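Written below as structure tokens is the structure these notes are about.
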Amino acid sequence: MIVNDEDEETDVGLKLQLIDAVQRLGVGYHYEIKIEESLQKIHELGEKFLTHEKADLCHVALWFRLLRQQGLHVTPDMFTKFMDNDEGKLKESLASDEQGMISLYEATHVAVHGEDILDKALVFATKNLKSILTKCTSQFQKQVKFSLNLPLWKCVPRTLTRHYIDFYSDDHGFNNEKLLRFAKLDFNKLQKCHQRELCEITE
């Protein structure tokens, strides 16, 4: 489900989105080895993906965040392709890219000290996401507000599972119904397990 070796460069974006969804929906622990193997392969592709025409801001930022979260060595240099060479800052034309902005915003939170390009990107993404709030759909507005208040990197992933199950349930563009159904079943199963453990402890 995670890995498909055919047409690797063009398929990387889909793999990244699937891995991100699996992790956000709280079922990543079922696929830890597969996810690790997939991200390692994506990391090895490196420049092949980053220079591909389909490597837009949303996918490059997602690539950066997922690989760095996995502990793989990546630098923020790839974001220079989205910068205005004359002014040394991110292109203003990116401001209307809703998915690109939220993906970039989340990516900036895995920055380490001294990565100035990500510090600038955080300011840029935050400003534009707040502006987008007045124009986007109510569904995306809910997601933006949540991310601005609690970025992925600053929370315990499992505590956000219910939020993302609700978010993906309302997202009619999310077409992996089997994954969503599995996430709901897994969430309910774990919740019942925790309730039993709590009862045993209190007794």
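The values are calculated or read from the model by the stated rules, or taken from the named source; none is laboratory data. Please read these numbers as outputs of a predicted model, since none were measured by experiment. Cβ placement follows ideal geometry from the backbone for every residue including glycine, while neighbour counts extend to all protein chains displayed. Surface areas here come from the heavy atoms of the whole protein model, side chains and all, with no ligands, DNA or RNA. Shrake-Rupley method; radii C 1.70, N 1.55, O 1.52, S 1.80 Å.
Structural remarks
- Residue list for the range 144-190, filter: touching a helix residue (DSSP H, G or I) at 6+ places or on another chain (Cβ under 9 Å) and among the polar types (S, T, N, Q): Ser147, Thr161, Ser169, Asn176
- Count of residues meeting criterion [open to solvent by 10 Å² or more (accessible area, probe 1.4 Å) and in a helix (DSSP H, G or I)] in the range 36-61: 12
- Leu160, sole failed condition from (1) in contact (Cβ under 8 Å) with a residue 12 or more places away in the chain; (2) loosely packed, with under 13 Cβ neighbours inside 10 Å: (2)
- Set Leu94, Leu104, Leu160: member being at pLDDT below 90 and under 19 Å from the mean Cα position of the chain (by Cα): Leu160
- All positions within the range 163-203 that are of a type in the set (D, E, K, R), closer than 18 Å to Leu18 by Cβ and open to solvent by less than 70 Å² (accessible area, probe 1.4 Å): Asp171, Asp186
- Pairs with Cβ under 6 Å, 6+ apart, first in the range 110-125 and touching a residue at least 12 places away in the same chain (Cβ under 8 Å), second charged (D, E, K, R): Val110/Arg65; Val110/Arg68
- Residue list for the range 62-102, filter: under 12 Å from Ala125 (Cα atoms), open to solvent by less than 60 Å² (accessible area, probe 1.4 Å) and not charged (D, E, K, R): Leu90, Leu94, Ala95, Gly100, Met101, Ile102
- Selection from the range 121-157 of residues that are β-branched (Val, Ile, Thr), farther than 30 Å from Asp186 by Cβ and either over 18 Å from the mean Cα position of the chain (by Cα) or loosely packed, with under 13 Cβ neighbours inside 10 Å (or both): Val123, Ile132, Thr134
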